Structure formats: C-alpha cells, structure tokens
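Working notes, beginning with the structure itself.
A short reminder: the numbers here are calculations on the coordinates, not readings from a lab. The shown structure was predicted, so the numbers you read here are calculated from the model rather than taken from an experiment. Here the Cβ positions follow ideal geometry from the backbone for every residue, glycine too, while neighbour counts run over all protein chains shown.
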Amino acid sequence: MSEKAVRKIRTFLLMLFVFAVVGYLIYTRIMAYSLAPTLEPKDFSKFSWYEIPFQYLWDYFYHAWICLLFAFTAAGLVYEFIPKEAVTKYMGSGKVTGYAIGAGLAPFFTVCSCTMVPLFAGILYSGAGIGPAITFLLMAPAANILTILITGEFLSWEIAVVRIIVSLVTAVLAGVIISKTSWGKAIEKEHQISQNTKVSQQSIEIVKPPLDERLLSALRFGGYLAKQILPYFVVGLIVVGYATAYIPPEIVEGYLTGITGVFLASIIGGPLYTPTLVEIMLGRSLLQLGMSKAALLSWLMGQPYDIPNMTAVSKIVRWKVVLTYAFIAWICSVSFGLLYGLIIGSL
Amino acid sequence: MKEVKVEVIGPEPACVRCQTAKKVVETAAEKLKQTGLTIKIEKVNIISKDIVSRYGVLVSPAIAINGVVKVMGRVPSEDEIVRLMKEAVK
C-alpha cells in the first residue's frame, strides 16, 4: 500500500475515534444520563470504612469516564491545533495585547504545569513585562480547557462561567497592580531584554506535519496528561470519598455558610494543596454536605495561590511579588464570593 | 564535512516531554551519523535570556535546527527529525 493510502486510513480512524467520543458525550447529554457520581452523602453510612474508596471510585468512573475521556481528548486537540506560534509572537509584543493574550488565549494551552512556568518566564522576559505574565499565571488554573469542562459537567455551567469571569477580573487586576509596584518594576527591569535584540522573523519557521501525525500527537498528549493527572486524581477522589462519608453535615453547614463560610473556604482553598481537578470534586462534596455556593466560588478561586505553584514562581520573581499577587487573589476570592452570594441569594 | 546544530529547548529541570524529545533527536542523530553528518545536540533552558532574545516566547518542548525553530510544543517523530536535519544541510 502506498504511504498516502496508509496516511488516509490512519487519519480516518483517528477522526472516527474523536467523533465517537464527541458523539457519545452528546448522546449522554440528550438522554440526560448523569455524568457525575450519584451517591449522596447519606448513602455512605451503609458502607464500612474499607468499602468507601471502592464504592466511590466505582460510582465516579462508571458515570464520569466519558466526560474525562472527552476532556483529555479535547485538551490534546486544542493544544495541538491552536496556532501556538501566532499566539506566542503576539504575547511578547506589547502591554495591551500582552494582557489580552495572557488572559484570553494562553490558558487554553497550559493544561500542564511544565508549560506554565516557561510561558510565564517568556512573557516576563519579552516585551510584555510582569503585568501580563502575572495575569497569565493567575488565569491559567481557572481557564484551561480541562478545568472548564470538568467544572461545567460536575458542578454547574453557571459556576464554571462565573469562575472564568471573576478569575479574569482578578488576574488582570493583580497584573496591573503588580506592574505599578516598585518591587514589580525592579523584577521587570532585571529581566527585560534590551529592545535592539528584536527576534528576527527568520528564526522561527514551524513545520506542519501531516494531519494523521498531528491527530496522533494530539491524542498522545491527551494520554500523557491523563497519565500525569489521573493518579493524583484517584488519590484525591479517595480522600473526597472519606470526607463525604465522615464529615458531619452540621459542621459544613455551620462553618462553610454565610460570611464566615466565604472566609474559611478562601483560606483552606488556597494553601491546602489539591491536585488539579480534585478541588472540583471536593467542592462538589462540600456543596452536597451543605456549603453555600458563595463559599464554593471562593474555594475554587483559591487555586492560584497554592503553595507548590507559588514556590515554582518565586524562583523567577522572588517572594515579594508572589506574596503580593497571593494577597490580591485572596482579597478578590473573598469579595467575589460575598458578591456572588449576595446576587444569587445563597450566602 | 557538513554540520548540523540541534537545540532542544525546554525548562530546567527538563519536563518529561522534553526528555522524550531529546531522546528522539539523539536516535535520529545516531542514524544520520553514518551518512557523514556531524550533529551537535544541545539541551538549552527555555527561560534563559539568551533563548528568549533569540527566539521570543516559546512553548516547550521546542527544537531549533541551525538556529531556526522548527518544532514547538510537541514531540516530533524520528523520521521527521531526520528529514529536517537533512533539509538543513541541503
């Protein structure tokens, strides 16, 4: 068989797989199957302690596998087909475009932490400076394609959209404020590359491989992400299972509602290190146990200032900048939590 | 003798995908050595000032051949690298 025919067949099979995944997800939506786990906190009382992880994981993956498969496939495809060179070219070009791209586009291809820190440094060193870099950094955990899909499916699309909007405001605000501080400016000056060494157009010449290879590489990347994230995710889910089973609803209702609830959620949501995506499932459990929606939003917004993230960034920009953005993010988390609670009447 | 300089660009410490990219480049280079090409492989830090000033913002892993970024944000196949290196000396 000629190489061309082999490529055509491979492209066809890969497309078939992608359409099958998307098609099945749409089918489950039309039939209104539940994609989220169906166990309620009260169901857990019938299990003994060693049964809880198995029951919860089974319940979870039985319902959610298609959603996870779709999320990882979509993340791989977006990452592969987004025109990276166009995005990165504009990212370093100036303040306003820098903010727009840092907040709007860059998060889409940063599903993995190994691209996040280099991109952050890249934005900082090139023309755009520290403001857009911080904006990108705070936006990435809230607005990457995996988080959006999982939040939307397992919590609600309302909270997913609200999370994006408030994260955007927070990220831009923190970026602008830090770029005005003296210590922010100092870092920027230290890293700025002098203007006369403009990147020449000839130095980048991305080759485009044939479609079948791109599809394959997209799916491989999705698989790679799954391999990176899922082990932590499973451990996280086991913890969530126990938390759901043993935390008395009275405590959650007592502490994680009202104004105190928002404060507490914003504090434990941050430093407490939750691996990617687990914060969504833990948030879901707490919501079922009686946490208010306002506190849930503050909880989800805690993600950018968790400790591992801050440590990685502090190597580039020093602790003063890190603490400043963590503080701004925390203030925003509390204020938006309270505001959201007032608007929807669930404080 | 013709020389090809390949830079594998990624963060320090190298992420998993950058390590894979480097391995692919090394095996491809091994293959091409028999044809009489001299291939220099270098692992460079994506967040060094030198790289940013020469190439701008990049997505890791990236591969530059003779000072031109050819691959960005993905792990290429061995055949593709062989092809790119051959093109570079043409």
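Of note:
- Farthest towards the positive end of the charge dipole of the protein assembly as shown, among the residues A:Leu296, A:Val117, A:Leu69, is the Cα of A:Val117, using unit charges on the Cβ of Lys, Arg, Asp and Glu.
- Summing charges over all other residues whose Cβ lies under 14 Å from the Cβ of A:Asp43, with Lys and Arg as +1 and Asp and Glu as -1, gives -1.
- Too-long pairs where the Cα-Cα distance tops 24 Å, listed order kept, from A:Lys189/A:Lys315; A:Lys185/B:Lys49; B:Lys49/B:Lys90; A:Lys46/A:Lys227: B:Lys49/B:Lys90; A:Lys46/A:Lys227
- Of the residues A:Tyr33, A:Ala142, B:Ala62, the one whose Cα sits farthest toward the positive end of the charge dipole of the protein assembly as shown, with +1 on the Cβ of Lys and Arg and -1 on the Cβ of Asp and Glu, is B:Ala62.
- Our note on the geometry: Cα centres of the range A:223-300 and the range B:1-58, 42 Å apart.
- Assigned charges on the beta-carbon of Lys, Arg, Asp, Glu; the protein assembly as shown dipole about Cα centre (debye): 1460
- Theoretical ellipticity at 222 nm over chain A - DSSP helices of four or more residues, -39500 (n - 2.57) apiece, nearest 500: -25500 deg cm²/dmol
- Comparing A:Leu296, A:Leu211, A:Leu277 in a Gaussian network model of chain A where C-alpha atoms under 10 Å apart are linked, the largest mean-square fluctuation is found at A:Leu211.
- Rounded to 0.05, the FRET efficiency of the A:Val96 and A:Phe47 pair, given R0 = 45 Å and the Cβ-Cβ distance, is 0.25.
- For the protein assembly as shown, the antiparallel share of DSSP beta bridges with both residues in that region comes to about 45%.
- Gaussian network model of chain A, springs between alpha carbon atoms under 10 Å - residue of A:Ile251, A:Ile145, A:Ile206 with greatest fluctuation: A:Ile206
- In chain A, the sites counted are chymotrypsin sites (Phe, Trp or Tyr not before Pro) in DSSP loop states with at most 14 other Cβ atoms within 10 Å, and the longest stretch holding none of them, exclusive of the sites, is A:51-272.
- Taking amide H as placed 1.01 Å from N in the peptide plane, B:Lys43 has its amide H under 5 Å from the amide H of B:Val8, each at least 5 places away in sequence or on another chain.
- Top positive-direction residue, dipole computed over the protein assembly as shown with Cβ charges, set A:Ser156, A:Phe108, B:Val25: B:Val25
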